[in-house]
Amino acid sequence: MIKKLLFLFLAAGCFSSTLNAQNLILNGNLEAGTGDVFTNWTKTNGGANLTADLVNVHGGSRSLKAISTGANEYSVQLQSDDITTVIGHNYEVSMWIKGTTGGNTVRFSTSGGTAVYGSAFTVTTGWQTCILSFTATATTTKINLDLGKGTDTFYVDDVALYDVSTAPTSDFILNGNLEAGTGDTFTNWSKYNGAANLTAETVEVHGGARALKAISTGANEYNVQLVSDAMNLVVGRNYTASMWIKASVAGSTVRFSTTATSANYGPNTTIGTSWQQISYTFAAKSTSTRLNLDLGKSTTTFYIDDITFIGANITLANEKFENQTNKVVFYPNPVQNDLNISSNAAIKSLIITDSTGRTVKTIKNAENIESVDVSALRHGLYILSTDTKQKIKFIKN
């Protein structure tokens, strides 16, 4: 009895925490509707090419099947009902999508205020997430799924819109305060270039007892470069890198960049002789991404401390699956160490994949899995699938 009460207390607590991030799209999972109708959605173009599918689903029992025409993006278009938005707030819209052949593109766009048109997103034959970040310019906004550009059959499911301005955030950088490490080493950081010019500093610090001292060489930005461990990001989501920095002589510049399949390069920022915080916001292009501090362009000495890498921690609802024979709850979500499982049916095997579909953890032939240690996973979004045909999305903090 005590065990059951404890479980209910924990489960109730984690369910209430999900209220911080609400999916603003009505019927985003596309379950509501009959025949080929999707409640709260309108087929604005190419209606005959937009039908319900009961086989190729990402979650639930129903998805959208869209046959692209090879014309304009908007030639096959599903549009949401009006959504109340706050002018100036940042939003993130996402959908799960796959194609039958792969290699074709889709995009998001918005209606209401100044229209936003997302970049072309290349669809593969496996489920993946397409994301658009935008700033609202009107009090109501409609989300458009623009599916007409390619020549493929797409399957779309689990569309979501979140107000990122009010959502909780996480710092993805490990050892951002540079305190961990011995001598001139910094745990969770690597000296990619100019290692001899990157040393620990114990006097000129912004916080704590240690900072980074970087002697610039007057060559390329990357010639003196400290690089973080890889972080597991969500492609298309906006992240903000920041650090506190000062120079021995004013007027020199530094920049942020990333090491990834497709890199990002921030602007050169001029640094003064007093502590200042500089930031760079960008949309992630790759799931596995490292943050680079590019310090080699000038001819001065920099002091760096208290580095952060902030992204929205959009809390996914704890997913509860029920049928006649099985009830299962996963908690907490987001999770740092152990993801707990309560199920009427014994779960003996499970697989965890990241947002690209890569398997990162497998448990097989267990007696009954009641918790999973995910502490070794990088920060980011993951999918857990069980041998009892359950599937959840969770965030690792």
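None of the figures in this text is laboratory data; all of them are computed from the coordinates on show. This structure is a prediction, so every number in the text was calculated from the model and none was measured. Note: ideal-geometry Cβ built from the backbone for every residue, glycine included; neighbour counts use all protein chains shown.
Could you list which residues have their amide H under 5 Å from that of Val360, counting only those 5 or more apart in sequence or on another chain, with H placed in the peptide plane?
Long-range HN contacts for Val360: Ile352, Thr353, Asp354.
So what J values fall out for region 204-220 if you push phi through Karplus, 6.51 cos²θ - 1.76 cosθ + 1.60 with θ = phi - 60°, rounded to Hz, Gly and Pro as x?
Listing the rounded values in order: 7, 10, 8, x, x, 10, 9, 9, 9, 10, 10, 9, 6, 10, x, 10, 7 Hz.
Provide the three semi-axes, in whole Å and in decreasing order, of the ellipsoid equivalent to region 169-312 as defined by the square roots of 5 times the Cα gyration tensor eigenvalues.
22, 16, 14
Fewest Cβ neighbours within 10 Å first, please rank Glu179, Glu370 accordingly. Provide the component values of the computation, followed by the final result.
On the way: Glu179 16, Glu370 13.
Neighbour counts put them in this order, fewest first: Glu370, Glu179.
Per the helix-only calculation at 222 nm, which mean residue ellipticity applies to the chain, given -39500 (n - 2.57) for every DSSP H run of n ≥ 4 and division by its residues, nearest 500 deg cm²/dmol?
After summing the helix terms and dividing by residue count, I get -1500 deg cm²/dmol.
Report the gain in length on full extension from Thr151 to Thr362: 0.36 nm times residue separation, minus Cα-Cα distance, nm rounded to one decimal. List each step's numbers first, then the result.
Working: separation 211, 0.36 × 211 = 75.96 nm, distance 3.61 nm.
So the extension gain works out to 72.3 nm.
Report ³J(HN,Hα) in whole Hz for each residue of region 113-119, in order, from the Karplus equation J = 6.51 cos²θ - 1.76 cosθ + 1.60 where θ = phi - 60°; Gly and Pro get x.
Per residue, the Karplus-derived 3J(HN,Hα) values read x, 7, 5, 10, 10, x, 6 Hz.
FRET efficiency for Ala195 and Ala48, Cβ-Cβ distance as r, R0 = 56 Å, nearest 0.05?
On the way: r = 62 Å, r/R0 = 1.11.
It comes to 0.35.
Kindly write out, for region 25-40 in residue order, the coupling ³J(HN,Hα) from the Karplus curve 6.51 cos²θ - 1.76 cosθ + 1.60 (θ = phi - 60°), rounded to whole Hz, with x marking Gly and Pro.
My calculation for region 25-40 gives 8, 6, 6, x, 7, 6, 6, 7, x, 10, x, 9, 9, 10, 4, 6 Hz in order.
For the pair Thr281 and Asn344, how long in nm is the line joining their label points, each one 7 Å along Cα→Cβ?
Taking the simple label geometry, Thr281 and Asn344 are separated by 4.7 nm.
List every residue whose amide H lies under 5 Å from the amide H of Asn45, counting only residues 5 or more places away in sequence or on a different chain, with H placed 1.01 Å from N in the peptide plane.
Answer set, sorted by chain and number: Gln77.
Going by a ≥ b ≥ c, the root eigenvalues of the Cα gyration tensor, does the chain fall in the rounded group (a/c under 1.5), the prolate group (a/b larger than b/c) or the oblate group?
Verdict is oblate for the chain.
Would you please give the residues with an amide H less than 5 Å from that of Leu377, counting only those at least 5 places away or on a separate chain, with H modeled from the backbone geometry?
none
What order do you get for 154-161, 127-134 when each peptide is scored by the mean count of other beta carbon atoms within 10 Å, highest first?
Result, highest mean first: 154-161, 127-134.
Within straight cross-link reach of Lys389, meaning Cα distance under 14 Å, which aspartates and glutamates are found once same-chain residues fewer than 8 apart are removed?
Once the sequence-local aspartates and glutamates are set aside, what remains near Lys389 is Glu319, Glu322.
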